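Written below as structure tokens is the structure these notes are about.
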Amino acid sequence: MSAIRLLVLGAVRQHGRAHGYQVRNDLEYWGANDWSNAKPGSIYHALKQMAKQGLLRAHEIAPSTVGGPPRTEYEITEQGTEEFLALLRESLTAYGQKPDVLAAALGFMVDLPRAEVVGLLQERVRRIAAWRTSVTEYYTPEDGPEQLGHIGEIMNFWVSSADNGAEWTEQLIARIEGGAYTFAGEGEPFVGVLAEGEENPYATGERHPGDER
């Protein structure tokens, strides 16, 4: 699974309507350009592709403020919302994925009800445990990685990562059950996107003609 679809759909959904530069700005604000494949070219490509797929609706508006052709704004469709929520639920539950997928899901988890997120994360812990059990059928962590030669360090790394991932997930569950954050249906959520014209303190470079596609 690629994180880019979840990130772009989620960012557009939070804005209501957004152009490409706004989405790019948000994802850089979250640092997603460092921990995922959310690069400028990938973001603009995803917007256009998902518009073709019916997940986003494209609107051409006034010419870009930096010159060039009319700017395109996007809004999420009903089909796009269904896709977004399905990707979000899958990303919170799955194990064995690239870290960027989980990171993207954490950025949008408050779009779901609190109890549902707890349930999804508990399922994630169960899947980590099942994965660990399947690995220990032929690798015993207690005997150390040397049992498989230096290649055992690979298995040791993955088992240690799984253990750390399970512990971190359980701590997150405890924080959520303890009342942390504002989830769907509980009131005004935390605003994680930049307003139109708001300066991004983490921007990677200057704006150029075409950035507002």
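Each reported figure results from applying straightforward, stated rules to the coordinates on display, with no laboratory input. Because the structure is predicted, anything quoted here is derived from the model rather than measured. Don't worry about glycine lacking a Cβ; one is built from the backbone with ideal geometry, like all the others, and counts go over all protein chains shown.
Can you tell me how segment 72-192 classifies by the Cα gyration tensor, rounded, prolate or oblate, using a/c under 1.5 as the rounded cut? All intermediate terms of the calculation are to be shown ahead of the outcome.
Values: a/c = 3.01, a/b = 2.05, b/c = 1.47.
Prolate shape, in that a/c is at least 1.5 and a/b is the bigger ratio.
Within segment 21-63, the proportion of C-alpha pairs whose separation exceeds 12 Å stands at 63%.
Over the alpha-carbon set of segment 79-125, divide Rg by the Kirkwood Rh and report the Rg/Rh ratio to two decimals.
Computed over Cα atoms, the ratio is 0.94.
Listed by chain and number, the lysines placed with their C-alpha closer than 17 angstrom to that of Lys98 are Lys39; residues fewer than eight positions away on the same chain are left out. Note on Ala58 and Trp158: the extension gain reaches 31.8 nm, defined as 0.36 nm multiplied by sequence separation minus the Cα-Cα distance.
Please report the net charge: other residues with Cβ closer than 14 Å to the Cβ of Ser2, K and R +1, D and E -1.
On the way: positive: Arg5, Lys39, Lys98; negative: Glu83, Glu90, Asp100.
Result for the neighbourhood of Ser2: 0.
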